[in-house]
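Laboratory data are not the source of any read-out in this text; all were calculated from the coordinates shown. On a predicted model such as this, the values are computed, not experimentally measured, just so you know. FYI the Cβ positions are ideal-geometry reconstructions off the backbone, even for glycines, and counts take in every protein chain you see.
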Amino acid sequence: MTEAETPPLPPPPPPAGLPEQEPAVTPADIRDGAAVALVVGVSGTLLALLWAWLAPRVQYVAHGQAVFLKNTEGESRIGADGTFFLLSLGLGALSGLAVFLWRRRGGVALVAGLTVGSCFAALVGWRMGLWLGPGTDVVAAAGKAGEDVPFDAPLQLLAYGVLLGWPIAAAVTHLALTAAFGPRDPDPAPWAGSYPPPHVHADARPPQD
């Protein structure tokens, strides 16, 4: 008398009506993310132009061999940081809105491209704004202005944390718009088969001697 060998059960058939899963990130998504990073990064020149134009001026006065602040109690030095931060928030929100309107479906690649481009745009706005503002050679500017004559000091960022204003505003705006107005996932298709599957009740062969 030998033990009966139970044949392995066949695998259950795949459920009908379910679509094939698409990859999370496609080459088209990567191209879109790279395009977003490039365009947003180049738009940092707009931040530089606006910052150099709107930032309050700090003025120095040369007296003898020393250079002093004209108004030691003024808030112009902090105002340059505040102007840069507010401009970064506004441009970040606009870039997040523009990317959402261009590709409403969103995606990891778009968010990554938007974040990288926003960081680069903030750096471009900072460095280019310094170049567009008053010259950094204080000694030459003081000699040109003359003694006891006020002259504009170079632009400065005292708090480097304001560089995060653009990327944070862009990412938050885009994610909020995608969550509120983005496309929704379709409802799953109804189950078309029987439950439990037929192979669960497959007849077992009787033991054989």
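Multiplying the sequence separation of Arg77 and Leu132 by 0.36 nm and subtracting their Cα-Cα distance, what value in nm do you get?
On the way: separation 55, 0.36 × 55 = 19.80 nm, distance 1.71 nm.
Once the chain is fully extended between Arg77 and Leu132, it gains 18.1 nm.
Inter-label distance, Thr45 to Arg105: 3.2 nm, where each label sits 7 Å from its Cα along the C-beta direction.
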